[in-house]
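Inspection log for the structure reproduced underneath, given as structure tokens.
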Amino acid sequence: MTAQIIDGKALSKQLRVGFRERVDHLADQGVQPGLAVILVGDNPASRVYVGNKIKACEECGVRSFHIALPADTPQAEVLATIARLNADPAVHGILIQLPLPPHIEPRAVLEAISVHKDVDGFHLYNVGGLVVGNTIFPPCTPYGVQLLLDTTGTDVAGKNVVVVGASNIVGKPMALMLLQREATVTICHAKTRDLAQHTILADILIVAAGKPGLIVPQMVKQGAIVIDVGINRLTDGPNAGKIVGDVDFDGVKEKASWITPVPGGVGPMTVTMLIENTLRSAERTLRMRQADDFQEWEAPILKNG
């Protein structure tokens, strides 16, 4: 048995065609979606990620605002920049590229972003919304994973799902989103003992640990669906410089029923879901503008769409 490939690049491309239609509709109503990306410092990987996001905006017709600040920018100045963007009607989404320099507290910065423009889904309000099953903007990577799972035609209700990695960005929100779909979810992390005894029971295995080659074939159930969120650049050996995931792809594909490649799996979907959330924000702005009663759109801020 060789697994079928879950092609994130193909799904992303398909979704972005639909995005253009939504952007055109918004333009007809006088609204151009706008995404502001703030980069503090000169982290090389962050520059690449920001460049990919700006390129995606251009492809979909979304206006991008790139704010590059020096690494020694005071936290107060970063917060002032966010406040200005919160008040700017041309900006529908605000993203702060992580990681931040050590002198800046990430939580303080993320919580300064208006919940109505938090297209990364990191604000406490959006995270809390995941617990009750109704958030404004779901975090982009788990959102993308959810859509990738949908392409397999699998109903996750009742399935054993194991999430390896308990980060606030992927692992925890992913588990909450799957619980809302009535999956039975286990979260494993750095202190989990005998990881294999958990992963071998997974009908769906989602790995976001940041450790290349962590999951090997003997840890995977025959016929499982395997989603590899890891993105690691090898630093030594004959494959130095190669991008790999957390899963031994060549070995595990012989046991899994479906598997995502790295690159080309989850990565493209993360950026695409960022654009999706920005469009949703712009569409909400249009509805608010058209509503007879403005409070109709201000009060139920946990509502999707």
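Per residue of the chain, the DSSP helices (runs of n ≥ 4 H) give a summed -39500 (n - 2.57) that works out to -12500 deg cm²/dmol at 222 nm.
Restricting to Cα atoms and excluding each atom paired with itself, what does the Kirkwood estimate give for region 1-101 in Å?
On the way: mean 1/r = 0.0649 Å⁻¹.
So the Kirkwood estimate lands at 15.4 Å.
A Gaussian network model of the chain, with springs between Cα atoms under 10 Å, assigns the largest mean-square fluctuation among G93, G30, G264 to G30.
Hey, how many Å between the Cα centroid of region 198-214 and the Cα centroid of region 1-67? Centre-to-centre distance over Cα atoms comes out at 28 Å.
Measuring r between the beta carbons of T152 and E254 and using R0 = 25 Å, the FRET efficiency lands at 0.90.
Model label sites at L234 and A83, defined 7 Å from Cα along the beta-carbon direction, differ in position by 5.0 nm. Given points 7 Å out from each Cα along the Cα-Cβ axis, report the Q290 to Q218 separation in nanometres with one decimal. The answer from the label model is 6.0 nm. The residues M269, M1, when put in order of fewest to most other Cβ atoms within 10 Å, stand as M1, M269. Panel order for D246, D228, by other beta carbons found within 10 Å of each beta carbon, from fewest to most: D246, D228. (1) 29, 23, 20; (2) 33, 22, 19; (3) 34, 27, 15: which one is semi-axes √(5λ) of the Cα gyration tensor in Å as calculated from this entry? So the calculated entry is the one marked (2).
Do me a favour and compute the ellipsoid semi-axes for region 62-204 from its Cα gyration tensor, root of five times each eigenvalue, largest one first, whole Å.
Details: eigenvalues 221, 66, 29 Å².
One finds semi-axes of 33, 18, 12 Å for region 62-204.
The distance from the alpha carbon centre of region 97-120 to that of region 237-252 is 32 Å, rounded to a whole number.
Could you please report the charge total around M1, scoring K, R as +1 and D, E as -1 over all other residues with beta-carbon less than 13 angstrom from its beta-carbon?
Values: positive: K221, K253, K255; negative: E254.
Here the charged neighbours net out to +2.
Over region 140-266, all Cα pairs binned in 5 Å intervals from 0 give whole-percent P(r) values of 2, 12, 23, 27, 21, 11, 3, 1, 0, listed from short to long.
Could you list L205, L286 so that the one with the fewest beta carbons within 10 Å of its beta carbon is first and the one with the most is last?
So the ranking, lowest neighbour count to highest, is L286, L205.
Less than 10 Å Cβ to Cβ from V244, Lys/Arg counted +1 and Asp/Glu -1: what total charge do the surrounding residues give? Don't jump to the answer; show the numbers that get you there.
On the way: positive: R233, K242; negative: D228, D246, D248.
Here the count lands on -1.
Listed here are the pairs K9/K53; K172/K211; K159/K242; which of them are more than 24 Å apart at the Cα? Show your work: numbers first, answer last.
Values: K9/K53 15 Å; K172/K211 18 Å; K159/K242 33 Å.
Result: K159/K242 exceed 24 Å.
The numbers here are math on the coordinates, done by the rules we state, and not lab data. Just so it is clear, the model here is predicted, and its values are computed rather than measured. Note: ideal-geometry Cβ built from the backbone for every residue, glycine included; neighbour counts use all protein chains shown.
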